[in-house]
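The values are calculated or read from the model by the stated rules, or taken from the named source; none is laboratory data. Note that the structure is a prediction, hence the values are computed from the model and not measured. Reconstructed Cβ throughout: ideal geometry from the backbone, glycine too, with neighbour counts over all protein chains shown. When the accessible area is computed, the model is the full protein with side chains, heavy atoms only, and any ligands, DNA or RNA have been set aside. Shrake-Rupley method; radii C 1.70, N 1.55, O 1.52, S 1.80 Å.
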Amino acid sequence: MIPNLSAFEYVQANSIEQACNLLAGLKKEGRVIAGGTDLLVRMKHRASIPEFLLSLNGIQNLDRIEESEDEVIIGALTKLHKIQHSCIVRDNFLLLSDAAGKVAHQLIRNMGTIGGNICLDARCEYYTHSHIFGLEYWPKCFKRGGEFCHIMKKGRYCYARFSADTVPALVALNARVTIVSHRSQRSIPLEEFYTGRGHPVNILQPDEILTEIRVPKLYSKWKGVYFKYSCRKAIDYPVVGVAALADMSGGVCKEIRIVAVSVASSPVRMKEVEDMLRGVRLSDHVISEAERIAIQGISPIPHHGDSPRYIRTMLGTFIKKALLQIID
Ligand SMILES: Cc1cc2nc3c(=O)[nH]c(=O)nc-3n(C[C@H](O)[C@H](O)[C@H](O)COP(=O)(O)OP(=O)(O)OC[C@H]3O[C@@H](n4cnc5c(N)ncnc54)[C@H](O)[C@@H]3O)c2cc1C
Ligand code: SF4
């Protein structure tokens with residue numbers, strides 16, 4: 001049986017300044033909560049046991065979608081459903097609205113936010129199935145402050161898998177994220193937000209909040225696709241997800257950005273594949289070669305019953321499908 005939530009204090013902030021001050025003065029383990037669709041499930045599985053939850057839901061303007069001449073700005077608290085259907089997003093980045101529409105199902109998209117999707121923790125079957133594994137009887141692994149990984153017995157860090165659907169699209173679109181704390185405000189490319197490890201999965205400090213995502217319009221004329229495979233079609237994380245965004249001219253690929261998710265602990269830019277495709281006409285031979293390079297370029301960790309071979313095959317298949325759709 002999945003255990004109940006353990007006790008925690010809950011406070012709702014009404015401004016970013018108040019939220020930052022609350023996090024700065026915190027003496028216990030705290031977490032920001034947005035839609036709660038990921039965090040509350042993880043808390044039930046004891047993958048995270050915060051004593052304090054800071055809700056951002058009372059902060060105005062964090063759920064806005066605005067456009068300027070050269071970028072679209074999306075507040076971190078914007079619901080995935082709103083992104084899926086926003087005219088501003090659809091007109092500029094069909095790839096992003098498509099990826100947002102592929103997260104879980106309507107109920108989750110009505111509650112889940114883009115900020116929560118970006119800050120999603122990496123997933124591991126020891127936590128998603130903690131009621132089966134009986135986690136309390138196992139030694140604590142890296143994710144819980146221990147010195148051990150149940151998946152990679154000789155591993156030196158956490159190998160959990162990062163599986164957020166909107167992130168490959170946002171990285172392909174070269175989005176930036178704004179991070180705020182009582183100390184500073186900074187803006188970094190989303191591609192640099194992740195650590196490459198399953199824990200901690202991103203570079204956010206405990207007192208930092210992600211407030212907005214800025215997507216440049218530079219790529220709005222490029223053709224983009226997102227493919228996702230999940231076990232339970234209507235409601236599941238990707239086993240593999242691939243976003244591809246290309247600037248095509250007469251069958252020739254002038255520029256391309258390809259990003260995979262769920263194949264490692266961070267989103268993976270397929271740079272070798274991109275280099276091979278740049279400036280080349282997308283023939284059958286070139287597409288097969290791209291598939292081969294992609295498969296060779298990753299070393300997936302087995303998780304949730306998916307073998308490395310299976311993950312590689314799915315990745316190669318999606319790269320092929322994406323390229324075929326892009327030249328279409
Ligand atoms: C049944 C089910 C199916 C799902 N399927 C998918 C799927 O197919 N694809 C997918 O990508 N996801 C899936 N999810 C995960 C989740 O629903 C989404 O990723 C959602 O976007 C998370 O957003 P949220 O607002 O609910 O995040 P929360 O649960 O509120 O937070 C998630 C994490 O982000 C942190 N966080 C949230 N907002 C901020 C912020 N502004 N600043 C700093 N930290 C922040 C929280 O502290 C927490 O660690 C699924 C979840 C469930 C329960
Ligand atoms: S990959 Fe290893 S360290 Fe990470 S959560 Fe799973 S068992 Fe723990």
Output for Cβ contacts, cut-off 9 Å, separation at least six or different chains, first residue among the β-branched types (V, I, T) in region 197-208, second assigned to a loop (DSSP other than H, G, I, E, B) and more than 10 Å from ligand 1 (Cβ to nearest atom), reads V201/A122; V201/C158; V201/A160; V201/T195; V201/S265; V201/S266; I203/F193; I203/T195
Scanning region 153-189 for residues that are within 13 Å of ligand 2 (Cβ to nearest atom) and of a type in the set (K, R), the one surrounded by the fewest Cβ atoms within 10 Å (Cβ to Cβ) turns out to be K154
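Yes/no per residue for (1) charged (D, E, K, R); (2) in contact with a Gly (Cβ under 7 Å, 6 or more places away or on another chain):
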position: T195; (1), (2): no, no
position: G198; (1), (2): no, no
position: V215; (1), (2): no, no
position: K223; (1), (2): yes, no
position: K228; (1), (2): yes, yes
Log entry, pairs with first residue in region 44-56 being among the aliphatic types (A, V, I, L, M) and near ligand 1 (Cβ under 10 Å from one of its atoms), second being in a loop (DSSP other than H, G, I, E, B) and open to solvent by 10 Å² or more (accessible area, probe 1.4 Å), beta carbons closer than 6 Å, six or more apart or on different chains, reads L53/F8; L56/A34; L56/L77
Of (1) crowded, with 21+ Cβ neighbours inside 10 Å; (2) in contact with a helix residue (DSSP H, G or I) (Cβ under 7 Å, 6 or more places away or on another chain), L282 satisfies every one except (1)
Selection from region 296-310 of residues under 27 Å from M276 (Cα atoms) and buried (at least 18 other Cβ atoms within 10 Å of the Cβ) yields P300, I301
Residue hits (region 260-299; under 14 Å from F318 (Cα atoms) and touching a Pro at 6+ places or on another chain (Cβ under 6 Å)) are V261, S262, V263
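Of the residues F148, F193, which is within 13 Å of ligand 1 (Cβ to nearest atom) and of a type outside the set (V, I, T)?
Working: F148 fails: within 13 Å of ligand 1 (Cβ to nearest atom).
The match here is F193.
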Only one of (1) modelled with pLDDT under 95; (2) out of contact with any Phe, Trp or Tyr (no Cβ under 8 Å at 6 or more places or on another chain); (3) not in a helix (DSSP H, G or I) does not apply to P139, and that is (2)
Filtering region 54-90 for residues that are hydroxyl-bearing (S, T, Y) and over 22 Å from V180 (Cβ atoms) leaves a count of 1
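Taking I203, is it under 20 Å from D38 (Cα atoms) and open to solvent by 30 Å² or more (accessible area, probe 1.4 Å)?
When the stated conditions are applied, I203 passes them.
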Turns out the strands (runs of 3 or more DSSP E) fully within region 18-122 with at least 1 residues that are open to solvent by 10 Å² or more (accessible area, probe 1.4 Å) and in contact with a helix residue (DSSP H, G or I) (Cβ under 7 Å, 6 or more places away or on another chain) are 30-33, 65-67, 71-75
Residue pairs within 7 Å by beta carbon, gap of at least six or interchain, first lying in region 146-158 and assigned to a loop (DSSP other than H, G, I, E, B), second within 16 Å of ligand 1 (Cβ to nearest atom) and not hydrophobic (A, V, I, L, M, F, W, C), listed first then second, are I151/H303; Y157/R197; C158/K143; C158/R197; C158/G198; C158/H199
